Amino acid sequence: MNIFMEIDFYKGLVPAVIQDESTSEILMVGYMNRESLEKTLETGLVTFYSRKRKKLWVKGETSGNFIKLKDIYLDCDKDCILIKGNPMGPVCHTGERTCFFTKI
């Protein structure tokens, strides 16, 4: 079965939760369209669709802090993706290891 037929790309995008494969820490959330998911599977580097720039971007393309793909899971409603990967440095653009460093 073609996994792309299973995914509910609501308005063309699905949220993608990125988790560190070795620590299970949640690193960030991004958005993917069909093309970015295909590129992620093809290259082994996590690739998103930038809603602000309206184009694909490989996480780490400017910082060098890529995320290497380990596994991809689809949630039960088929409208969200969990990506387990290996970060090659801090994930957050602020320099923090994860984007989730602000406690409320």
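For this structure, a couple of remarks:
- Between helix 34-43 and the chain: long-axis angle, C-alpha atoms, 0 to 90°, nearest 10: 60 degrees
- Labels on offer are [x] 13.3; [y] 16.4; [z] 13.8, and the one holding Kirkwood radius over Cα pairs in Å computed from this structure is [z].
- Taking the helices alone, the chain has a mean residue ellipticity at 222 nm of -3500 deg cm²/dmol, built from -39,500 (n - 2.57) per DSSP H run of at least 4 residues and averaged over all its residues.
- If you take all other residues with their beta carbon under 10 Å from the beta carbon of V17, and give Lys and Arg +1 and Asp and Glu -1, the sum is 0.
- Reach of K78 by Cα under 21 Å, taken over lysines that are not fewer than 8 positions away in the same chain: K11, K39, K70
- Whichever aspartates and glutamates have a C-alpha closer than 12 Å to that of K52, once near sequence neighbours (fewer than 8 apart) are set aside: none
All of the numbers you see were taken from the coordinates with simple rules; none came from a lab. Because the structure is a prediction, the values reported are computed rather than measured. Glycine also receives a Cβ, built like all others from the backbone with ideal geometry; neighbour counts cover every protein chain displayed.
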